[in-house]
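Quick notes on the structure that follows.
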Amino acid sequence: MSKIIRIAAALTMTCSPLAGCMTASPKVYEGLASAGQLRPNPQDKSGRIPYKYHSTKNWQQYSKMIVDPVTVYNGRDSQFKDVTPKEKETLSRYMEKEFTQKLSQRFAIVNAPGPDTLRLHLTMTGAKITTPLLGPVSRLDMAGGVYNTIQAVRGQEGSMSGSISYAVEIYDAKTNRLLYAYVAKQYPNAMNVGATFSSLEASKVGIRKGADELLAEFK
């Protein structure tokens, strides 16, 4: 058992056939409108939101929000791993729906700019689908289970599991001034077995987590 634990711990530091190569961390995608304003985020300890920009935190003056259709990023620095065009479309629609529903708890969702209105633009910059069959198995076999337990404790990505990468850009809808932006990567808890049974479920879990975290920013 101790040997397996040592092997699993070592896998958290490298890529192997058991752990699977993880997608790269989020970066400042050169095609983003906010790329020139994004800066390293020293408050991020997880590596999930390494770049951020904000010019205001006075959200109380805003009561409405426009949610733009989600953009699927096609730049050369995108991070889609074996994701088909159809899967990209499915995830982008799911992202728009989830973020709109969550943010409607705080804002009235509208279509026209106004003096108390924000505009949210989401860009899906990357995704990785869960490896069929291997995702669940990697949580149930001995070495994979230990590895993923360690990753779960550390809040890091699990093996053979999917993820979602995206950018958030929030503007004053009337002036079109950028108020807040960040790039992020989201994924399920490494021991979330249920998220590994469907190729896209882990990415969808990440989208739901991302929507929850953005909503919390406004409360």
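Details
- When the test is whether a residue is without any contact (Cβ under 8 Å) to a residue 12 or more places away in the chain, outside any strand (DSSP E or B) and out of contact with any His (no Cβ under 6 Å at 6 or more places or on another chain), GLN60 passes it.
- Residue within segment 79-99 that is of a type outside the set (Phe, Trp, Tyr), modelled with pLDDT of 95 or more, assigned to a strand (DSSP E or B) and open to solvent by less than 40 Å² (accessible area, probe 1.4 Å) present: no
- Just one of the listed residues (LYS81, LYS52, LYS128) is more than 22 Å from PRO188 (Cβ to Cβ), touching a strand residue (DSSP E or B) at 6+ places or on another chain (Cβ under 6 Å), among the basic types (Lys, Arg) and in contact (Cβ under 8 Å) with a residue 40 or more places away in the chain, and it is LYS52.
- In this structure, PRO50 does not qualify as surrounded by fewer than 13 Cβ atoms within 10 Å (Cβ to Cβ), modelled with pLDDT of 80 or more and within 18 Å of the chain's Cα centre (by Cα).
The values are calculated or read from the model by the stated rules, or taken from the named source; none is laboratory data. Computed from a prediction, not measured in an experiment: that's the story for all the values here. With ideal geometry, Cβ positions are generated from the backbone for all residues, glycine too; neighbour counts draw on all protein chains shown. In case anyone asks, the SASA skips ligands and DNA or RNA and just uses the protein heavy atoms, side chains included. Shrake-Rupley method; radii C 1.70, N 1.55, O 1.52, S 1.80 Å.
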